[in-house]
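Only one structure is covered here, and it is reproduced in the block below.
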Amino acid sequence: MTISEPVSQQPKVQHQSNGHEVKDEKNAYVEVPEQGNAMEKPLNPWQKFSKKMFRMEMLLVWTVIGVVCGISLGAGLYSLKLSRTAIALIGYPGELMIRALQELILPLMVFALMSGVFALRATKTGSGKVTRWALTYYILSMFIAIIIGIACVFTINPGKSRPFENPGSSASCAAENTAAVQDANDTASKTTVDSLLDLGRDLIPTNIVGAAAEPNYLGVMVFAVTFAVFLVKIGERAEPLMKGIEICNDVVIKIIFLVILITPIGIASWIATTILKACSITHLLKSLGLFVVTVLTSIAIHFFIALPLTLLVLSRTNPFKAFKSWLPAFAMALGTSSSAATMPVSMECGIRHGCNPAIVNFVLPLGTNINRDGTALYEAIAVIFIVQAHGESLSVGQVIVIVIVATLAAIGTASIPHGGLVTLITALQATGNAKYLADLSLLYAVDWILGMFRTICNVWGDACATVVVNSWLIKYGKDVEVSALENPEDAKLEEGTLAQKESLVHGARHAD
């Protein structure tokens, strides 16, 4: 690496050592060129292969390979009727992966939600108002998406064939599921009033440590958000603690990245075990096909009906014109399955549509990180599908919990790869169905296909938010300093906000 200053202005170096920093005459450190590495040792074929293939960017490819291997192994061994011990050994790597994720979910949810609240610290400019407008729309659109998903999954009932508790299967297979189903149905048989009262009790636990141990994630989430809000209100005195929590959030995310690296092996193990435990593989495939239909139907309703209606009602904008403007972004999203990779194209579409460039540059990156319409919808359907596949039913309170947890968890896990997996685990645990975590592996056989459509839905949600916020800026944003959105540092935005925004952008492309 060479020094970027002109030669005439460079300080004289007292001593040079290849590849090291040395002190100049002013006792300041400068970098000097490396002279000993001119002839680097060429990489052998294995090193070239590992450097290219064992990267985070290749995680999706390896996950798909893991899915194929898991399906092949499970289908190949299904007719052998393996013993419980053999099936347990095959599923052991997947079990360890899930246990590691379960261990990290609680700190992730707490630190991520608190860091998200800290990112909304008020500024001296009007950018705080634009942020609140965008967040309001994003949460509203995710809530609508989840409601649509829940309505479709109860209407289509993709798990009605009960592949894990089929009457025509062997007695031993059905017996393994009977006790768990009976316990769950006893819980679901509560009256609507009892379910709502239990929901209120979960929101306000008597002991926050006990709530974390149960686990009552709903109570923990409420406490985390409330605690963060009052930390922000305290102001400057709380800054060291807020900085520490944001650092903890970064650390937890890095640990989860490490766990996610073993996803291909864990997913292969997991899927094989799920197939081997299925009472009827025919019913299993039928249920999976109906699940895909349910997800695609829900996405289509949200994409073509719900989001255009929000544009029409909230901004008086012609949704067909906006849809046409963002067509290049939809094509990009379909090909990449990544909101972040699509973001540059989406930003260009927003500017061509006529939105204020400052709003485009501010709202779209924010949406890329926290808006998960398609993902939240998918996760609500997935949790209910797993419960249906075991012949269970959910109480009204449990359905409300799914709505709340799917919304908050979709935001909180936006910056990690396979964030949807973490959210699904959280939702199953929050509804008291943690015993069926292994069955989530079944969904990975079709997840890569559904991911493309979830991404398009997310991108369209970001586009609608940009148009809506832009219209609100014109109507109600006379006090907003647009220059603050274009250059946050000159407007003296909080460093925590910028740091979190940068970290989220780097991780967002893994989250769809």
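Below, the figures for the structure above:
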| item | result |
| --- | --- |
| Ranked Thr423, Thr85, criterion: other C-beta atoms within 10 Å, fewest first | Thr85, Thr423 |
| Exposure proxy order (Cβ contacts within 10 Å, fewest to most) of His302, His390 | His390, His302 |
| From phi via Karplus (6.51, -1.76, 1.60), per-residue ³J(HN,Hα) for the stretch 358-375 in Hz, x at Gly/Pro | 5, 5, 4, 5, 9, 6, 5, x, 4, x, 4, 8, 10, 7, 9, 4, x, 5 |
| Which listed pairs, of Lys233/Lys475; Lys129/Lys475; Lys321/Lys475; Lys233/Lys254; Lys160/Lys435, have C-alpha distances above 22 Å, in listed order | Lys233/Lys475; Lys233/Lys254 |
| Local electrostatic count at Leu408 - Lys and Arg +1, Asp and Glu -1, tallied over other residues with Cβ under 15 Å | -2 |
| Extension gain from Asn157 to Val313, taking 0.36 nm per residue of separation minus the Cα-Cα distance | 53.0 nm |
| Contour excess over end-to-end distance, with Cα ends at Leu77 and Trp448 and 0.36 nm allotted per residue | 131.1 nm |
| Rough spin-label spacing in nm, given labels placed 7 Å along Cα→Cβ, for Ser393 and Asn361 | 5.6 |
| Förster radius 41 Å - calculated FRET efficiency between Lys475 and Val292, Cβ distance, rounded to 0.05 | 0.50 |
| Computed E for Phe227/Arg84 - FRET, C-beta separation, R0 35 angstrom, nearest 0.05 | 0.20 |
| Approximate spin-label separation Ala238-Arg201, in nm, with each point projected 7 Å along Cα-to-Cβ | 3.0 |
| Label-to-label distance, nm, for residues given as Glu103 and Ile208 (7 Å Cα→Cβ offset) | 2.4 |
| Summed side-chain charge close to Ala300 - residues other than Ala300 whose Cβ falls under 13 Å, Lys, Arg +1, Asp, Glu -1 | 0 |
| Residues in the stretch 95-114 that a label on Leu261 would reach, taking backbone N under 13 Å of a point 7 Å out along Cα→Cβ | none |
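Every number in this text was worked out from the coordinates using simple rules, so none of it is lab data. Quantities reported herein were computed from a predicted structural model and do not represent experimental measurements. FYI the Cβ positions are ideal-geometry reconstructions off the backbone, even for glycines, and counts take in every protein chain you see.
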